[in-house]
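The values are calculated or read from the model by the stated rules, or taken from the named source; none is laboratory data. Source: prediction; values computed, not measured. Glycine gets a Cβ as well: all are built from the backbone with ideal geometry, and neighbour counts include every protein chain shown.
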């Protein structure tokens, strides 16, 4: 049975998740699942969702949003059975009541039996554009490979700094990963900033330039959000960081060594 009553959504953005660009399906552990659900219905624009403040986010926090549905094993059952997924499929074709998209959170998704997973797979292969599926589980070993392959995995314990490290070390550079690491370091303080500096100085000139563009764009979005929310201290911090990023771009155009620029930016932030 699909029900609109679930656990309290957590407004903390999970690592690796950008709520402004939703995929159709996720595998996530713990409260990350509820954060994705909140982001699905969030009405904020031009900032990373969920904002935690709009009327949709507030309803999600109260477990009262009509476009967030939760599914778990029935009382007395050991598994999530195929009939539950069939009921979900009937609801999927209905357009959202209030939000732009609908979120379906399947708790303990690893408890779906094979028939239930195959039924869900049919939806995941051709999902309606207004739906986001979140498979909440701490283990994926019981999920079919075909189900896993159609979902984005968000794993706990992967810090944003670690993601930034992956952005540096991967074959295809990810400026968004570096940007996420930069703003996470700002929030966490001096030690995180120093750790981030060691990642930043590994970049070549082209990738460093891509990071600067991505980070300045994100700074503009966050600055706009912080100003509208009357968070003066946050606005000052982001504005200062943005000025440093602008100065870093000027240094880069003068062919200053990337390592030296990274040291300048991070040392300025620490001071």
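Looking at 147, 132, can you tell me which residue is more than 24 Å from residue 176 (Cα to Cα) and either outside any helix (DSSP H, G or I) or more than 18 Å from the chain's Cα centre (by Cα) (or both)?
Of 147, 132, the one residue that is more than 24 Å from residue 176 (Cα to Cα) and either outside any helix (DSSP H, G or I) or more than 18 Å from the chain's Cα centre (by Cα) (or both) is 147.
Only residues in region 48-70 that are at positive phi count as the first member; pair them with residues that are in a helix (DSSP H, G or I), Cβ under 8 angstrom, at least 6 apart or cross-chain, and list the lot.
If the second residue must be in a helix (DSSP H, G or I), the pairs left are 52/38; 52/61.
So which residues in region 153-163 are at pLDDT 55 or above and surrounded by 18 or more Cβ atoms within 10 Å (Cβ to Cβ), if there are any at all?
154
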